[in-house]
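Throughout, read-outs are computed from the coordinates displayed, never taken from laboratory work. Note that the coordinates shown come from a computational prediction; the quantities given were computed from them, not determined experimentally. Ideal geometry is used to build each Cβ from the backbone, glycine not excepted, and the neighbour counts take in all protein chains shown.
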Amino acid sequence: MATLTANILAGGEFDSPPDTPSNRLDTGGGFSFVGALEISNGVSTYKGSAVAISENWIITAGHNADLNDDGLPDPIWSGNLHLPGYGSYAVAEAFTHPAFTGFANPSINDDIALMRLANPLPPGLVYPSLGSTDIGDIVTLVGFGRSGYGSYGYTSSATLTDRRFGSNVIDTLSLDDEGSGVAEVFRYDFDDPSTTGQTDGSLGNDLETIIGPGDSGGAALMWDGNQWVLVGINTFTEGYGGRFGDIGGGVLVEPYEGWILETTGIPEPGAGALLLMGILPLVWRRVRVGIFKR
Ligand SMILES: [Ca+2]
Ligand SMILES: [Ca+2]
Ligand SMILES: [Ca+2]
């Protein structure tokens, strides 16, 4: 079953190459645009992840804004984005995608939200562009969720400080639940290190990962040679909790690009200059996802 969880897991504790949850930490700040999202509904607090795409806007999982699972941003809700090394930034306004009906209520599709920050992020942050992915692509997963070992599951809590990353390969894409024919959801499996080197096997004990609780809203990224490209938002897992054989996934970014641009008004000032030069950073790599494979 799908669970409302998404952490970056390490490999097997006693497998080779050796690995630990701390080995997955982003100590160099290479993913500074991915923050921890601290959420409150006035009763309870929650931890998720989110991705800054401009100085004023972040993308995250729709369910991070919708704790009562009706698809709409909750009326009593507050959020803060924590960017280690940069500070904490309050969310002023949240928008869930119009097609989102709540987590697994009944589908896991369209689980994406945009949030406008009350104050702009500081200069110097580098933001990812938006793009697409396909089956067979290697993606880098980044978030602040629970970690542990694939051999037995979670050993650490989600935090507002510990950003981890790992990789996996896109196994399947699932189509739009509203029937447009485009892919909206991606999945990958958390392979045991014994399958390293095999077709569809592990990328290696110290690389292969799956998300866990607190990683919801974090990034699925690809490197285009010059910059990180945000291709997906991590939103769910299926299985037994961070163990080898579990499935992780999320929503693709590409089908929602029109809504993202319309809602945010991006390009904003910084990106406007690029637009004048004839470059459209937000449409890097056109649609490759119209076909359901496998
Ligand atoms: Ca709601
Ligand atoms: Ca949909
Ligand atoms: Ca895999």
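Things worth noting here:
- Label separation (residue 45 vs residue 200): 4.3 nm, computed from points 7 Å beyond Cα along the C-beta direction.
- Packing-based order for 119-126, 144-151, 219-226, using average beta carbon neighbours within 10 Å, highest first: 144-151, 219-226, 119-126
- Computed helical MRE - 222 nm, the chain, DSSP H runs ≥ 4 contributing -39500 (n - 2.57), nearest 500: -1500 deg cm²/dmol
- The Rg/Rh ratio of the chain, with both radii computed over alpha carbons and Rh defined as the Kirkwood radius, is 0.94.
- Candidates 34, 51, 91, ranked by Gaussian network fluctuation over the chain, Cα under 10 Å, top entry: 91
- Our compactness index for segment 155-221, the C-alpha radius of gyration over the empirical 2.2 N^0.38 Å, is 1.33.
- Euclidean distance of C-alpha centroids, segment 169-222 and segment 15-61, integer Å: 17
- Per-residue HN-Hα couplings for segment 21-28 [Karplus 6.51, -1.76, 1.60; θ = phi - 60°; Hz; x = Gly/Pro]: x, 6, 5, 8, 6, 7, 6, x
- Equivalent-ellipsoid semi-axes of segment 53-177, from the Cα gyration tensor, Å, largest first: 23, 21, 17
- Share, in percent, of DSSP beta bridges within the chain that are antiparallel, nearest 5: 95
- Potential lengthening of the chain between residue 172 and residue 90 amounts to 26.0 nm, from the contour at 0.36 nm per residue minus the alpha-carbon distance.
- Mean-position separation - Cα centroids, segment 95-124 and segment 150-167, in angstrom: 23
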